[in-house]
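Remarks on the structure that follows.
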Amino acid sequence: MSPIPSDEALSILIGFPKQRLYRISRDMHNHIDHLLLHDKLKPHKPRPIVSAKNDLRVIQESILKNVFYNRLNPSRYSFGNKGIKCNAEEHLNNRFRLTIDIRNCFPSIKYRHLLDTFRRNRIYGSAINLLIALCTYKEELKQGFSTSPILADSVLSIIDHRIGQCANQMNVIYTRFVDDMSFSAMHDLQEYECGLFRIVVTALIENGFSINTDKTNDTNSASEEVLITKLRMHSNTVNVPKEYFAEYQTIIFDLKSYADGGELQGNYYTQGQMLGKAIYIKWINPKRSREVLALMRKVNWKRAEERGAADGLIAYKRTWTEKANTIVNN
């Protein structure tokens, strides 16, 4: 891997003139959108997103393709590029499970973290400062930047290595999906038994991170359920959460009633949207294929969509709104 010694070398790799890169880095506020992501399922928790636009978006995509993908390799414990199902399946055969959430992961990553990450990957000098300027806003990683996940993964790889080594010595399986840390073993993982929790907290604090205690969960039996990366682990099987499937059933029966002439009690969804939910459920657990597709066949979709069009209904979806504007959901 050849080094990137300067901003000039970086600009060649990215494919943009150096002067243009600096001009955009000094004028970031004109190349971003402040958005709020609203979901009617979580009406009191709008999620703020800072999204790159125009030239900055194109530049960040080029940085990903031509710089980061070739240099920033995830740790062996990271499943950010493998998916939530693969991450959960690593823990299927163990009796005891523990999940820990890193609090405010992206905003906790500062200049010193990125400086160390870039130096470890042979990026030096003015190239570092220019990359940091183009991939952060107000000295923080932002959730809406395409470069943020891979940078966070690279920063956390140092912590992964430390925690992973300790976990291996304790015969514990450790995986991480972005900011969700998961542990499992055939022995008790409670603090007084093995001390794993203290090791994780110490490793995070020493590197400028902390845990979200509200999202820390553990189980002490294979018969108990625990969510790992928002998937249900029960009886050595991975499933969607009970609440997700219950909502899917509720929507199906509501749409069936609506197609048959009844009143719609909840939000309106199209056949394509519900098929997407069905495919997701059976992807997580293929044994549920027959069940979810049988539910889909209960609805007369042609009548439902004809009536929806006549009533002027708009399919439910999560909406993006400008942060400063009044929020309106579809």
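Take Gly144 and decide whether it is touching a residue at least 40 places away in the same chain (Cβ under 8 Å), in a helix (DSSP H, G or I) and either surrounded by fewer than 23 Cβ atoms within 10 Å (Cβ to Cβ) or in contact with a helix residue (DSSP H, G or I) (Cβ under 9 Å, 6 or more places away or on another chain) (or both). No; evaluated as a whole, the condition is false for this residue. Summed over segment 229-250, residues that are closer than 17 Å to Ala315 by Cβ and under 25 Å from the mean Cα position of the chain (by Cα) total 2.
For segment 87-103, filtering for residues that are under 15 Å from Arg176 (Cα atoms) and open to solvent by 60 Å² or more (accessible area, probe 1.4 Å) leaves 3.
Of all residues in segment 257-270, how many are surrounded by 16 or more Cβ atoms within 10 Å (Cβ to Cβ), more than 10 Å from Ala315 (Cβ to Cβ) and out of contact with any Leu (no Cβ under 8 Å at 6 or more places or on another chain)? So that I can check it myself, show each step before the final result.
Filtering segment 257-270 down to residues surrounded by 16 or more Cβ atoms within 10 Å (Cβ to Cβ) leaves 258-259, 264, 267-270.
After this cut, where a residue has to be more than 10 Å from Ala315 (Cβ to Cβ) as well, the list is 258-259, 264.
Still in the running and out of contact with any Leu (no Cβ under 8 Å at 6 or more places or on another chain): 259.
Result for segment 257-270: 1.
Inspection of segment 177-185 finds no residue satisfying the criterion of being on the phi < 0 side of the Ramachandran plot, of a type in the set (A, V, I, L, M), touching a residue at least 40 places away in the same chain (Cβ under 8 Å) and touching a helix residue (DSSP H, G or I) at 6+ places or on another chain (Cβ under 6 Å).
Of the residues in segment 98-112, at least one is closer than 23 Å to Pro3 by Cα and part of a helix (DSSP H, G or I). Please find, within segment 48-69, the residue that is surrounded by the fewest Cβ atoms within 10 Å (Cβ to Cβ) out of those that are over 19 Å from the mean Cα position of the chain (by Cα) and in contact (Cβ under 8 Å) with a residue 60 or more places away in the chain. Checked segment 48-69; the qualifying residue surrounded by the fewest Cβ atoms within 10 Å (Cβ to Cβ) is Arg57. Close contacts from segment 214-226, counting a first residue that is closer than 14 Å to Asp188 by Cβ and a second that is among the aromatic types (Phe, Trp, Tyr) and modelled with pLDDT of 60 or more, with Cβ to Cβ under 9 Å and a gap of 6+ residues or different chains, come to Asp218/Phe96; Asp218/Phe183; Asp218/Phe197; Thr219/Phe96; Asn220/Phe96; Ser221/Phe96; Ala222/Phe96.
Which residues, taken from segment 147-176, are among the basic types (Lys, Arg) and either in contact (Cβ under 8 Å) with a residue 60 or more places away in the chain or touching an Asp or Glu at 6+ places or on another chain (Cβ under 8 Å) (or both)? Break it down into steps so the answer makes sense when it comes.
Taking segment 147-176 first, the residues among the basic types (Lys, Arg) are 162, 176.
Within segment 147-176, just Arg176 meets the criteria.
Restricted to segment 257-316, and to residues there that are touching a residue at least 60 places away in the same chain (Cβ under 8 Å) and in a loop (DSSP other than H, G, I, E, B), the residue that is farthest from the chain's Cα centre (by Cα) is Asn267.
The values are calculated or read from the model by the stated rules, or taken from the named source; none is laboratory data. Values in this document were obtained by computation on a predicted structure and should not be read as measured data. Neighbour counts run over all protein chains shown; Cβ positions are idealised from the backbone, glycine included. Side chains included, ligands, DNA and RNA excluded: accessible areas come from the protein's heavy atoms. Shrake-Rupley method; radii C 1.70, N 1.55, O 1.52, S 1.80 Å.
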